[in-house]
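Notes for the one structure printed next.
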Amino acid sequence: MNLFSGLEKFGLKSSESMQLFEDDKKESKKEEGARAEEKIPAESDFLLDKTVHCRICDHVFKTKVIKSGRVKRLEPDRDLRPRFQYIDTLKYDVTSCPACGYTAMNRYFEHLTPTQAKLIKEQISSNFCPDNRAENAVYDYDEAVDRYKLSLMNTVVKRGKDSEKAYTCLKIAWLLRGKAETMACSTPEEKAAKAEVQKEEEEFYQQAFEGFMKAISEEMYPMCGMEQSTVDYILACMAFHFKKYEIASKFLASVLTAPSASRRMKDMALELKEDIIAELRK
């Protein structure tokens, strides 16, 4: 039966084969095919060059930063290590002057006292050997870790806060975790290389934990841009990792009673609390 019969008088022609409703299954298959053919973006697509003026040597250079609004956030790790689709944004959270070696996490790069600048000039810049090679379009994990380690050395030299040193160590540990996730382990050599990276991650994670434990007794919040509930939750995760269940429980109690903690964070804290109870029952 032609549902559109009678419309001929309007000069419109139709046939019985004309469908009133589209075939959803056929359409969904088309969409699936289109998604399959969708090109995975390159890491460089998420980056742009930002011009920076070095406070130490007055050198003007470009550094790579993430395009705001371009990346898609994924579920973070339990300890709040951030994850994004197609790119590890942690690799681009450090600014490093290629001329004098002054390096810091982006949030700290512009903030230097005259005394700190003098210390960096004397102990970093005077010994720094510039790398004259062309900069890569993207940073691999090894290059990113080197930049963070240079940032950590600058922080120690300028006598930065313990929280800044601890946060740098934590980010290095997160980067090493990301590197390990990309490494193959099908041969004994590959397994050994991956184990070495994980060992280094553990060392920096330990330094981060000790550094934050020292910082919370001496510094005011916010700490590295984080409110107390966020720092407490990260410390609870780290304490759980090191099997310090009493310390982890104390920090979780603080998170669960904090008015500023989000519902999501409190839910994560409850999940971690259940895991602590399960471990204590073993």
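Quick one, which of [x] 1.00; [y] 0.93; [z] 1.16 is the actual Rg/Rh (Cα atoms, Kirkwood Rh) calculated for this model? Derived directly from the coordinates: [z]. For region 137-253, dividing the convex hull volume of the Cα atoms by the residue count gives 122 Å³ per residue. Think of it this way: in the chain, 129, 169, 185, 224, 237 stand alone, with no other Cys Cβ under 4.7 Å. Would you mind computing Rg(Cα) / (2.2 N^0.38 Å) for region 64-168, counting N as its residues? Cα-based Rg divided by the globular estimate yields 1.16. Put simply, the amide H of residue 183, placed in the peptide plane, has no neighbours under 5 Å, leaving out anything fewer than 5 places away on its chain. Angle of helix 188-215 to the longest C-alpha principal axis of the chain, folded into 0 to 90 degrees and rounded to 10: 70°. Here the label points at residue 50 and residue 156, each 7 Å from Cα along the C-beta direction, are separated by 2.7 nm in the simple model. Pairs spanning more than 25 Å between alpha-carbon atoms, out of 72/171; 244/266; 50/199; 62/91; 67/91; 118/179: 50/199; 118/179. The convex hull defined by the C-alpha atoms of region 191-230 has an orientation-averaged projected area of 3.4 nm². To the nearest 0.05, how large is the calculated FRET efficiency for residue 122 and residue 280 if R₀ is 45 Å and r is the Cβ-Cβ distance? According to the calculation, E is roughly 0.30.
Every number here is computed from the coordinates shown, using simple stated rules; none is lab data. Keep in mind it's a predicted model, so treat the numbers as computed, not measured. Virtual Cβ from ideal backbone geometry, glycine too; neighbours counted across all protein chains shown.
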